[in-house]
Each structure stands twice: as structure tokens, then as C-alpha cells.
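See structure below.
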Amino acid sequence: MFENARFLASSNTVSRLPLAIRAEVAFVGRSNSGKSSAINALTGRKALARVSRTPGRTRQINLFEIEPGMALADLPGYGYARAPAHLRNGWHSMVTEYLHGRPQLIGLVLVMDARHPLTPLDRQLLEWLQPAGKPVHALLTKSDRLSQAEAARVLNSLGPKLAAFDLPISAQLFSSRTRLGVEEARQRIRDWLASGTGQAPGIRTMQRKTPG
Ligand code: GDP
């Protein structure tokens, strides 16, 4: 499934994203969290998602089809400290539009650097996702930068913190460099896609409730 990934479309306007997708899993995370590298590792491709030289530059939603009718969506990274205000506002409105206007979305992969997971912006994002009730799977990336014991401690201490959010959330360690956790993450995404494809788009509705 993942090895057949191909670039499908790129847009900063949600209504222009292809409608021929039945089920979609979106990747979100801070700039520089390792999101592009994670998509590349999951699809077994070196440069499907562009690994950013300049954090905070990508302002588009990129779609990669991994099976006919099934896609991964790479959402722009957030929290780039030097991003000008109009870009930050642009991020907010684009992602709001995406969350409300893309019924194909069945789950979100939240990419966080294992060395500093659950930053205030990650928390804000999770709070903001709560009304939609879509499941979230957290990838703790760059876990190769931690010892095994440290990584296990991070994962264990994160469990109760994530459980405090009113959302179905799971988490795992991940490394694009060593490929740790690639199969586990693929399985989660496969399960979501398999369970989501029987649904006609538009069945799930969202409350319009977002911060600021
Ligand atoms: P994005 O901005 O979230 O898409 O992050 P990128 O995928 O562009 O990665 C940001 C930086 O982190 C790059 O320098 C990557 O080489 C590095 N990086 C990404 N994943 C890993 C990983 O699993 N291990 C290590 N050690 N570095 C990583």
C-alpha cells in the first residue's frame, strides 16, 4: 500500500483538493518536527514529501495517494517562530477549513519531536481537534536521539497527558533515521483507512468551534 504512494495534488485551497479520495489521513506537527521525513519513511521514498531546508516555508496541503481512493495529506507545519503573523493566520484558516471541509479525513497523525513532545502549540492543536472527535495517533519522532530508556520514559509519561484530552489518542516512538516504529505506524494508518472507506463523505459532521 505505502510503497505505491504518488504525489496527487497540492493546494492552499481546501475546496480544490481532489474529491475522488474516499479516505484520508492527515499529518500535522510543528515545523521541523520531522513530519516530511516521517511521510518519506512510511512510504519508503526518499523525497516524496520535501524535507524542509527552511522551516515554515510550506504553506500548501500536499496529497499523496497510497491506494486508489486513499490518501495521506501533509498539512503545513505550525509554530515556526519566525513566521510572520499573516502566515500564522493563514495556517489557522487553512487548517480550520480543512478540518471542517474535508469529510474524507478519518484520522490525524500528530508528529512531535520525542525530545520535547506536547509543546503548548501541540496542546492547543489537540484541544482544537476535540470537537471533531477524529482519532489522533502521535508519532514521537527522532527517538534515535534518545537512549532507549529515555525514549521509553517519554512514551510512558505522555500516556496520561494525552488521556486528558477528550479524543481517541494513541502514541508510539518513531525514527525516520532508524525506521523504528515504521511498521507500527503503517498498521495504524491501514486500520483507519480500512475502517473509513465504507463511509460516504459527509456522514461525519463537525461542530464549528475553534480557538481565536
Ligand atoms: P518537518 O519540517 O516537520 O517536515 O521536518 P523534516 O522532516 O524536514 O525534518 C527536520 C529535520 O529533522 C531535518 O534536518 C531532518 O533530517 C531531521 N530529522 C527528521 N526525522 C529525523 C529522525 O527520525 N531522526 C533524526 N536524528 N533526525 C531527523
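Matching residues to (1) more than 8 Å from the ligand (Cβ to nearest atom); (2) surrounded by fewer than 19 Cβ atoms within 10 Å (Cβ to Cβ); (3) not in a loop (DSSP other than H, G, I, E, B):
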| residue | (1), (2), (3) |
| --- | --- |
| Glu3 | yes, yes, yes |
| Phe7 | yes, yes, yes |
| Ser10 | yes, yes, yes |
| Ile21 | yes, no, no |
| Glu24 | yes, no, yes |
| Ala38 | no, no, yes |
| Leu42 | yes, no, yes |
| Lys46 | yes, yes, no |
| Arg50 | no, yes, no |
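In the stretch 160-184, how many are within 16 Å of the ligand (Cβ to nearest atom) and in contact (Cβ under 8 Å) with a residue 24 or more places away in the chain?
First pass over the stretch 160-184, keeping only residues within 16 Å of the ligand (Cβ to nearest atom): 171-184.
From the residues that got through so far, the ones that are in contact (Cβ under 8 Å) with a residue 24 or more places away in the chain too are 171-182.
Result for the stretch 160-184: 12.
Output the number of residues of the stretch 141-159 satisfying the condition of being charged (D, E, K, R), open to solvent by 80 Å² or more (accessible area, probe 1.4 Å) and either modelled with pLDDT under 95 or within 16 Å of the ligand (Cβ to nearest atom) (or both).
Keep residues of the stretch 141-159 that are charged (D, E, K, R), which gives 142, 144-145, 150, 153.
Then drop every residue that is not open to solvent by 80 Å² or more (accessible area, probe 1.4 Å), which leaves 145, 153.
Cutting the leftovers down to either modelled with pLDDT under 95 or within 16 Å of the ligand (Cβ to nearest atom) (or both) gives us 145.
Of the residues in the stretch 141-159, 1 are charged (D, E, K, R), open to solvent by 80 Å² or more (accessible area, probe 1.4 Å) and either modelled with pLDDT under 95 or within 16 Å of the ligand (Cβ to nearest atom) (or both).
Would you tally the residues in the stretch 52-95 being modelled with pLDDT under 80, among the small types (Gly, Ala, Ser) and within 14 Å of the ligand (Cβ to nearest atom)? Don't jump to the end; show me each part of the working.
Keep residues of the stretch 52-95 that are modelled with pLDDT under 80, which gives 52-59, 80-90.
Going one step further and asking which of them are among the small types (Gly, Ala, Ser), we end up with 52, 56, 81, 83, 85, 90.
If we keep only those that are within 14 Å of the ligand (Cβ to nearest atom) as well, we get 52, 56, 81, 83.
Qualifying residue count for the region: 4.
Out of the residues in the stretch 185-197 that are more than 15 Å from the chain's Cα centre (by Cα) and in contact (Cβ under 8 Å) with a residue 12 or more places away in the chain, which is least open to solvent (accessible area, probe 1.4 Å)?
Gly196
The values are calculated or read from the model by the stated rules, or taken from the named source; none is laboratory data. All of these numbers come straight from a predicted model, not from anything done at the bench. Ideal geometry is used to build each Cβ from the backbone, glycine not excepted, and the neighbour counts take in all protein chains shown. Note: areas computed on protein heavy atoms with side chains; ligands, DNA, RNA excluded. Shrake-Rupley method; radii C 1.70, N 1.55, O 1.52, S 1.80 Å.
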